[in-house]
């Protein structure tokens, strides 16, 4: 080994770089052209997301709150049981609420991404932000058709839904995006799970765990996996049971993740799983506060009182810092120039 | 193989600078490369490890003995790894990551690459170029443009003369 320097082969350098933070990776694009190419490679970006999911070290929520007339999207990190706001990511102008297009944090248009993410807000429709690796946005239009925006071709395609005749109502219109596929719960007399498979642009149905009859189910993304939960009400104690779907879009085997017992006070008593922090689960309890559940001790722990849960107008969404959407922490001060759009 | 006799089997490993090391088979088979040799019956005499020097091999063996003495307790193993790597400089870590890769020891590979990443978090671009032996192939204008684009990522970074 010569002098001061080491001669690590590219495959080992890649293993090391996958463990770096987004900030360092963006800085090290300046090291050389080959490092820039490696860090910009879509496969590297996806692998980095996988690594970050495994490490579980970033626990960010994308918070949506109704302060002033803007709808504000911001990232919040939970650390030491306190939320720490990392800065405003973007805001929508008031006139855009439920109607027009806005752009959220455009990706760098050069290099291999070659794409921008567009968020479409629509009164009756909804939108799913897909990762640029999949390069599609799914946009609901009527009851029998849907549109998909391809970031690669920069065009919309309209397709006919195949599962439209079931007479079911979608309970989570914004859908849940897990590993590229989007999932919805549909229910009336029966409950079904429908998903959009981005590989062939088709809607399909997913089997539920066998133990659930026609109970209402809810979906959540925990640790990067699709999870399903439902409530079993008791007299004093109720339980929420959570199942986790095994990896792979077509794989419909579920394994039970955890069963949590909680006090049943009124019909509003609810325990809604949000995300994992290390090996603990964060729940939203009775719609107004957050609690941390420790599965190994089967006990709850409250977040600190000053946690501004009431500012969270909508349920927080698990967010992870990725190379797609780096968070510029130097811009976290208020009154910075607002980045918004059209 | 020799489990029934109760006497631990010892293997002899040879570094590329001809140093010999004795190590218990139970510890050495943390390396999939060595385990395959043992299973294929090629471990009778001395096992030559052509890609690892004596200094690095000594370190790896210390790790093999240390980690295999800890019962199945992931937290204790993790704290042993942290302590084991805490005083290693970049050059040693780079040699170890190569050795871990050659010996196919995933737990050491993971720990050392994570440690290198941790060391790099606050380092400058110049430091990385020197330590990894990477030539800057940007023109000054190109380099300035890339740096300007990600300006915020240079905040809070250790100063470096070459940066």
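The values are calculated or read from the model by the stated rules, or taken from the named source; none is laboratory data. Since we're looking at a predicted model, the values are computed, not measured. A quick note on method: Cβ atoms are made from the backbone with ideal geometry, for glycine too, and the neighbour counts reach across all protein chains shown.
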How many residues are within 11 Å of chain A (Cβ to nearest Cβ) and either touching a strand residue (DSSP E or B) at 6+ places or on another chain (Cβ under 6 Å) or loosely packed, with under 14 Cβ neighbours inside 10 Å (or both) when one looks only at the range B:69-101?
1
Scanning the range B:143-154 residue by residue, the ones that are at pLDDT below 90 and either more than 9 Å from chain A (Cβ to nearest Cβ) or assigned to a loop (DSSP other than H, G, I, E, B) (or both) total 1
Got at least one residue in the range A:264-278 being without any contact (Cβ under 8 Å) to a residue 40 or more places away in the chain, in a strand (DSSP E or B) and under 30 Å from residue B:75 (Cα atoms)?
no
Quick check on the range B:129-142. Is at least one of its residues part of a helix (DSSP H, G or I) and touching a strand residue (DSSP E or B) at 6+ places or on another chain (Cβ under 8 Å)?
no
Being crowded, with 16+ Cβ neighbours inside 10 Å, in a helix (DSSP H, G or I) and in contact (Cβ under 8 Å) with a residue 12 or more places away in the chain is the requirement here; does residue B:116 meet it?
yes
Kindly check whether there is at least one residue in the range B:37-52 that is in contact (Cβ under 8 Å) with a residue 40 or more places away in the chain and either within 14 Å of another protein chain (Cβ to nearest Cβ) or within 26 Å of residue B:118 (Cα to Cα) (or both).
yes
Checking the structure you have, find out if any residue of the range B:132-139 is touching a residue at least 12 places away in the same chain (Cβ under 8 Å), surrounded by 17 or more Cβ atoms within 10 Å (Cβ to Cβ), within 22 Å of residue B:86 (Cβ to Cβ) and at the interface with another protein chain (Cβ under 9 Å from one of its Cβ atoms).
no
Pull up the range A:14-29, narrow it to residues that are facing chain B (nearest Cβ under 7 Å) and in a helix (DSSP H, G or I), then point me to the one that is surrounded by the most Cβ atoms within 10 Å (Cβ to Cβ).
A:27
Residue count, the range B:20-36 (criterion: exposed (fewer than 14 other Cβ atoms within 10 Å of the Cβ) and in contact (Cβ under 8 Å) with a residue 12 or more places away in the chain):
3
Kindly indicate which of B:158, B:121 is touching a helix residue (DSSP H, G or I) at 6+ places or on another chain (Cβ under 8 Å) and at the interface with another protein chain (Cβ under 7 Å from one of its Cβ atoms).
B:121
Specify which of the listed residues (A:317, A:309, A:282) is at pLDDT below 70, within 18 Å of the chain's Cα centre (by Cα) and more than 14 Å from chain B (Cβ to nearest Cβ).
A:317
